[in-house]
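What follows is a set of notes on a single structure, which appears directly below.
The values are calculated or read from the model by the stated rules, or taken from the named source; none is laboratory data. Here the structure is a predicted model, which means the values were calculated and not measured. For neighbour counting, all protein chains shown are included, and Cβ atoms are generated from backbone atoms with ideal geometry for every residue, glycine included.
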Amino acid sequence: MKLDYIKVCGAPFAVPVEYAALRSANTSDGACAVFAGSVRDYNAGADVSGLTLEHYPGMTEESLRRIVAGARSRWQLGRVRLLHRTGPLAVGEDILFVGVTSPHRQAAFAACHYIVDRLKTEAPFWKLESGAAGERWVAARRSDRRELEKWRTD
Amino acid sequence: MKLDYIKVCGAPFAVPVEYAALRSANTSDGACAVFAGSVRDYNAGADVSGLTLEHYPGMTEESLRRIVAGARSRWQLGRVRLLHRTGPLAVGEDILFVGVTSPHRQAAFAACHYIVDRLKTEAPFWKLESGAAGERWVAARRSDRRELEKWRTD
Amino acid sequence: MIQVLFFARLRAELGTAEHRLHGFSGSVEEVRAQLCTLFPDWRAALQSADIQAAVNREIAASSTPVRDGDEVAFFPPVTGG
Amino acid sequence: MIQVLFFARLRAELGTAEHRLHGFSGSVEEVRAQLCTLFPDWRAALQSADIQAAVNREIAASSTPVRDGDEVAFFPPVTGG
């Protein structure tokens, strides 16, 4: 089995299924950290009824591969599984799954967190939100850039 | 629905089922961090064929409640779901599930990590490992105490 | 030929997802300048301080050189995850 | 009466999961000392530097007072999770 699984999905995925795939036939890694991000029903004070995720095909995949490789170069990891939705999504649907296994829980937590933090500021995805007030492009949050500081090694 | 779900389980649980319960009918929390710990097939260089988890009934539940309350006092959380196995477990079986939802991913990650770190040094569980060389009580790792330093606020 | 791509808010503001530049050589900044010369209506959107660029699907600086056959993209800060 | 419980490696070493002390008053340290007087064989295991104590299901210090009706537990460092 390949250690990295990275997928940009036009169709919904199910977190429990992805978790089962991440863990199948792997009894060496006692620790597993997972992050799941979903469409919430409000954002920046506005009611949200759904959103559309645009991305940059080709660059997206390369960007995700670079981020996962960065995690592998920093921590001793078993498997990494990363899925990101594109296209139209309803409230409650999952956008992102990041699962990391490792013999060590600190490595699993750190790598999972690192991947999500870098993805938020680097991977070419953009959210267009729909709500009662119409559509609007979600603005990037400066706090996402600040969070990256904790992974600086220089 | 109660926001905290804490259970000490004599029988196996399934992470996908616990994840689904954690996320059901909750569209306000866009972020979910999960940690799953399972019995791995080796530990400290020895082959492991299974283990038995002893605990201190009564104190265990109180200890877990205190730890989860500590997380709630530090971060803005939605739901917290925590299950810990006791009794005999085979290699690959899940020992621990900690799931945390929040509107904010940093809070979800930090709270999940904090709960696992405190549980490792505070909750009265003890592992008896079985392997080719017979049974042996797992020794506590000094590194688990060190990891707690990162949550000190004083 | 340089293939120039626009994404998300910027694509919506310009009203197009791509534009081809022929016989061009220069930097990312010069691609942007040439587009603003060709389409004065694009200036506000393209010169917005938060617009980022990629060359051949990798994040690029203003000074990154662009050569014939390259793919250049302009887009607002990413908001995935 | 004080109910004293032992767990895990310590329980295995002592060969018992509990012991009752009658007419006792003192600290956690004095509970330990009294048990060592009653059962000299227990000294090495009970006085091991890593043994922790709880009084009424909460982690306790050596100086924590123990009163009639209390539940005292001794155990090695925890290894759950």
Could you run through region A:39-55 and say how many residues are without any contact (Cβ under 8 Å) to a residue 60 or more places away in the chain and touching a Leu at 6+ places or on another chain (Cβ under 8 Å)?
1
Those residues of region A:111-134 which are over 14 Å from the mean Cα position of the chain (by Cα) and more than 9 Å from every other protein chain (Cβ to nearest Cβ), in sequence order:
A:Glu129, A:Ser130, A:Gly131, A:Ala132, A:Ala133, A:Gly134
Restricted to region D:30-81 and to residues being among the basic types (Lys, Arg) and in contact with a strand residue (DSSP E or B) (Cβ under 9 Å, 6 or more places away or on another chain), the residue farthest from B:Ala36 (Cα to Cα) is D:Arg67
By residue number, the members of region C:45-77 that are without any contact (Cβ under 8 Å) to a residue 24 or more places away in the chain and of a type in the set (A, V, I, L, M) are C:Ala49, C:Ala54, C:Ile59
Being within 13 Å of chain B (Cβ to nearest Cβ) and among the charged types (D, E, K, R) is the requirement here; does A:Arg23 meet it?
yes
Condition first: at pLDDT 95 or above and in contact with a Pro (Cβ under 8 Å, 6 or more places away or on another chain). Now tell me which residues in region A:122-154 satisfy that.
A:Trp126, A:Trp137
The conditions are (1) in contact with an Asp or Glu (Cβ under 8 Å, 6 or more places away or on another chain); (2) at negative phi, and D:Ala17 fails exactly one of them. Which is it?
(1)
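Here are B:Asp29, B:Asp41, B:Asp47: which of them is of a type in the set (Asp, Glu), more than 27 Å from B:Gln76 (Cβ to Cβ) and surrounded by 16 or more Cβ atoms within 10 Å (Cβ to Cβ)?
Of the residues listed, the single one that is of a type in the set (Asp, Glu), more than 27 Å from B:Gln76 (Cβ to Cβ) and surrounded by 16 or more Cβ atoms within 10 Å (Cβ to Cβ) is B:Asp41.
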Restricting to region A:26-48, name every residue that is within 25 Å of B:Ala107 (Cβ to Cβ), of a type in the set (S, T, N, Q) and more than 7 Å from every other protein chain (Cβ to nearest Cβ).
A:Asn43
Determine whether region A:69-88 contains at least one residue that is hydrophobic (A, V, I, L, M, F, W, C), more than 25 Å from A:Tyr19 (Cα to Cα), away from chain C (no Cβ under 14 Å) and surrounded by fewer than 21 Cβ atoms within 10 Å (Cβ to Cβ).
no
For the condition in contact with a Pro (Cβ under 6 Å, 6 or more places away or on another chain), of a type in the set (S, T, N, Q) and modelled with pLDDT of 95 or more, what is the one hit in A:Thr86, A:Thr60, A:Thr101?
A:Thr60
Pick from region B:15-61 the residues that are among the small types (Gly, Ala, Ser) and in contact with a Ser or Thr (Cβ under 7 Å, 6 or more places away or on another chain): which of them is farthest from B:Val100 (Cα to Cα)?
B:Ser49
Reported set for region C:1-43 where residues are within 14 Å of another protein chain (Cβ to nearest Cβ) and among the β-branched types (Val, Ile, Thr) is C:Val4
Log entry, pairs with first residue in region C:1-21 being under 18 Å from A:Thr86 (Cα atoms), second being among the polar types (S, T, N, Q), beta carbons closer than 7 Å, six or more apart or on different chains, reads C:Phe6/C:Thr16
